[in-house]
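Accompanying notes for the structure given below.
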Amino acid sequence: MTAPAPPPRRTGLARRALPLLCAAALPAAAQPAPIRLIAPFPPGGSVDTIARLLAPGLQERLGQPVFVENRSGAAGAIGTLAAARAAPDGLTWLFAFDSHATVNAINPDAGFNAVRDFAPVMLVATAPMILATPSGRPWDDLAALLAAARVAPERITFGTVGNGSLAHLLMEEVQQRTGTKLVHVPYRGGGPLSAAAVAGEIDLAVASRAGLAGQLGGRLRGLAQSGASRSPGLPDLPTLSEAGISGLEAEAFWGVLGPAGVSAMHVARMQAGLAATLAEPTIRRRLSEAQGVDIVASSPAEFALFLAAQTARWTALIRARRIRAE
């Protein structure tokens, strides 16, 4: 009787491949589901830059892949609509810009309600907006630019990240208070705006320091900042009040929201992950020194109150000036 043949001997390659095959055979549910952070503006601007700074820390703390998805267009409305329609399962979040407070007033047909269709998670940071001119322009300060605008109405141009953005609304107030008429040139985001300003396509760029992509002090010259006091990162740049427009203050802001209906557990988990990431010294330094923002790291309730106040203030101006989406 012939003895049974011995089982085939596994080679070293086969032994190494076996665990990989077993891992591939695991059900999809065993793999951590990815988290999507929607940035409603294109790459190169402050929304995209700050979201990508936070993503690795969030991934580490939440134990899930976190990726930033750029969904730009309509001054942030397209990406915001995508977030509003997402399942409230804790896997999709919106990295909102200050345009979130104005989108419904500027675009009533946006397809979502910026308050009702979202759950606030955190006000991440704020920053003064910078009024900057290409270095080749002749104006050394804001007073000189405004004087030139009075001599030649509707000749000097200013660029922002979109119609109805806070930067646009700030400049509407500047014109109203100074009796000037400038020409608004909206861009799809901070990256295109900064590139246009550096190329000399516009006379004035209005954005946060982060939105100016590091060009301030080089190819762009700051004329004023919109905070209540001078920014520690820009101590030589006067406020609008110091430049002769008293009582006018406005700040850009960035925050995270989830689609309405997302559970309190998911909100608390995301808020805790953001707070821990923002507490990292390296992240704080990169945000404050490199991007020029002031970290807030609010609670969900604090962010809700902040959004309500911002929405009320800027909606009133939009209606008074009859500003509409283009």
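The values are calculated or read from the model by the stated rules, or taken from the named source; none is laboratory data. In this text the structure is predicted, and so the values were computed from the model without any measurement. Please note: Cβ atoms are built from the backbone with ideal geometry, for glycine as well, and neighbour counts cover all protein chains shown.
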Q: Would you check if there is a residue in the range 249-261 being assigned by TED's automatic domain parsing to the domain that holds Gly76, surrounded by fewer than 18 Cβ atoms within 10 Å (Cβ to Cβ), under 30 Å from Gln64 (Cβ atoms) and at pLDDT 95 or above?
A: yes
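Just checking, how many residues over the range 287-326 are in a loop (DSSP other than H, G, I, E, B) and touching a strand residue (DSSP E or B) at 6+ places or on another chain (Cβ under 9 Å)? It would help to see each step written out before you state the result.
Residues of the range 287-326 that are in a loop (DSSP other than H, G, I, E, B), as a first pass: 291-293, 296-299, 322-326.
Then keep just the ones that are touching a strand residue (DSSP E or B) at 6+ places or on another chain (Cβ under 9 Å); that gives 291-293, 296-299, 326.
Result for the range 287-326: 8.
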**Q.** Flag if Gly273 is touching a helix residue (DSSP H, G or I) at 6+ places or on another chain (Cβ under 9 Å), buried (at least 17 other Cβ atoms within 10 Å of the Cβ) and assigned to a loop (DSSP other than H, G, I, E, B)
**A.** no
Q: Go over the candidates Val103, Val161 one by one and state the one that is of a type outside the set (Gly, Ala, Ser), surrounded by 19 or more Cβ atoms within 10 Å (Cβ to Cβ), closer than 28 Å to Val296 by Cβ and assigned by TED's automatic domain parsing to the domain that holds Pro42.
A: Val103
Q. Is one or more of the residues making up the range 107-122 within 22 Å of Arg209 (Cα to Cα), of a type in the set (A, V, I, L, M, F, W, C) and surrounded by 24 or more Cβ atoms within 10 Å (Cβ to Cβ)?
A. yes
Q: Among what's in the range 147-166 and is among the aliphatic types (A, V, I, L, M) and touching a Leu at 6+ places or on another chain (Cβ under 9 Å), pick the residue that is modelled with the lowest pLDDT.
A: Val161
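Okay, residues lined up against (1) within 18 Å of Gln291 (Cβ to Cβ); (2) in contact with a helix residue (DSSP H, G or I) (Cβ under 7 Å, 6 or more places away or on another chain):
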position	(1), (2)
Thr49	yes, yes
Arg52	yes, no
Gln59	no, no
Leu62	no, yes
Val68	yes, yes
Ala75	no, yes
Leu81	no, no
Ala84	no, no
Thr92	no, yes
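Of everything in the range 217-237 that's part of a loop (DSSP other than H, G, I, E, B) and surrounded by 17 or more Cβ atoms within 10 Å (Cβ to Cβ), which residue is modelled with the lowest pLDDT?
By that ranking, first place goes to Gly233.
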Q: Under 8 Å between Cβ atoms, at least 6 apart or on separate chains: pull out the pairs that start in the range 186-201 with a residue that is assigned by TED's automatic domain parsing to the domain that holds Thr49 and in contact (Cβ under 8 Å) with a residue 60 or more places away in the chain and end on any residue that is surrounded by fewer than 24 Cβ atoms within 10 Å (Cβ to Cβ) and not in a helix (DSSP H, G or I).
A: none
